[in-house]
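Here the structure is laid out as structure tokens; the discussion comes afterwards.
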Amino acid sequence: METLDLFKEIAQTNYNRYLEEAKSKGTKIIGYFCNIPEEIIMAAGMIPYRMRAVESTKTTLGDIWYSTINCSFPRNCLDQILEGKFNFLDGLVVMNSCDHIRRLYDNCKYGDLWPNFLYMLAVPHVVTPESIRQFKREINRFRLALEEHFNVSITQEKIKEAISTCNHTRKLLGELYELRKQDPPPIKGAEILAIMLACTALPKEVANASLETLLSELNGRVVIPKGSPRLMIAAGYLEEIDYMDLIEKDAVVVADSLCYGVRYLRNLVDENKDDPIDALAYRYTSIACPRMIESYDDRIETINNDIKEYNADGLIVDNLKFCLHWQVFRFMIENEIEKGERLSCPLLVLERELHTGAQGQVKTRIQAFLEQIHDRKDQKVSTHEAFKY
Ligand code: SF4
């Protein structure tokens, strides 16, 4: 399937021919971590590029600046930066997603490791009228910093245009997610991950056109037998397609709570608001991520709703070692499952470091988990049969 293969190809590398072509025409590319208002970068006439470490195989250089009890995502990213793998970027925007990412900014700034535009964007951890006001000031400061450094003008009109383009991407991805509710779904979780990685490393126009083509190509596609175990995966940072393939060896991931997943597309920016900065401030603080304080009940409810809507048979919580946000959230999810009031389904917890394999162990644990799901399904059938009679 041509378009899906294109997405898979783009997802495997840091740089790609679409970025190369844009750069050859003088377009700037700005890297960013986590969820920052990429519309501001687009309104500056530049391409937003979400940072990843898909080509990374080591952290030896990154570990010169980081301790090994830091999260392996920023450690791999810094290693790639020091290897010159992101030299095609004209700037880097870091946000206060966690202390590990914040440390990357410090290392780049005070270690003089980043060659050009470097910016730290403070995104609130809580949503209040004051935090939204503060975030609007932050977004405007970011806008000004881009304008001054690159000598460009970022108008309200251009921001509104960028919001409309990004909302279109989110809607197209939303259509893709709707297909996952089917049994069998025409697309696997590993393919969705590839699409998300690709869409955040392409000019948005290319991403949108490719998504439209893909949606038409998926009609009637069969990738897994009907009735296969359906899984939901919730995780902090996950970018490894081979890891998702391993999870899906005898099952299919039909729903997720991932950075490169539903957290990227859920919640459109309100295009009816007069002030686009206001609209951006609300949208980018509404993302159900454990860094957001006071959003715990919403996050549990969202996971529970997704399990039901996508008819998932089991939940996998996967967290990177030393990620405090997700270690705490994982613990809370385990508690909820134990109580069985707000969340009730088989749960598998996996902890690992980025790109570190351990495939054998994960495989065994997945197999045991799928058996648990099968048993539970059989019990349901026998209970239902019993009831029936
Ligand atoms: S996975 Fe956790 S610790 Fe690592 S960068 Fe993301 S939020 Fe930070």
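Just the residues that are in a helix (DSSP H, G or I) and closer than 24 Å to Asn76 by Cβ, please, taken from segment 352-375. Matches in segment 352-375: Gln359, Gly360, Gln361, Val362, Lys363, Arg365, Ile366.
If the condition is being without any contact (Cβ under 8 Å) to a residue 12 or more places away in the chain and of a type in the set (S, T, N, Q), then segment 24-50 contributes only Ser24. Within segment 91-121, being away from the ligand (no atom under 15 Å from the Cβ), open to solvent by 10 Å² or more (accessible area, probe 1.4 Å) and not hydrophobic (A, V, I, L, M, F, W, C) holds for Lys109, Tyr110, Gly111, Asp112, Pro115, Asn116, Tyr119. May I ask you to verify whether Asp274 is away from the ligand (no atom under 14 Å from the Cβ) and not basic (Lys, Arg)? Criteria met by Asp274. Picking from residues in segment 322-351 that are in contact with a Lys or Arg (Cβ under 8 Å, 6 or more places away or on another chain) and outside any strand (DSSP E or B), the one that is nearest to the ligand (Cβ to nearest atom) is His325. If you check Ala312 against the conditions, is it open to solvent by less than 60 Å² (accessible area, probe 1.4 Å) and farther than 27 Å from Tyr49 by Cβ? Yes, satisfied.
Being open to solvent by less than 20 Å² (accessible area, probe 1.4 Å) and without any contact (Cβ under 8 Å) to a residue 60 or more places away in the chain is the filter here; which residues of segment 200-217 pass it? Within segment 200-217, Ala207, Asn208, Leu211 qualify.
The values are calculated or read from the model by the stated rules, or taken from the named source; none is laboratory data. Quick caveat: nothing in here was measured; it's all calculated off a predicted structure. Here the Cβ is made from the backbone with ideal geometry for all residues, glycine too, and neighbour counts use every protein chain on show. Surface areas here come from the heavy atoms of the whole protein model, side chains and all, with no ligands, DNA or RNA. Shrake-Rupley method; radii C 1.70, N 1.55, O 1.52, S 1.80 Å.
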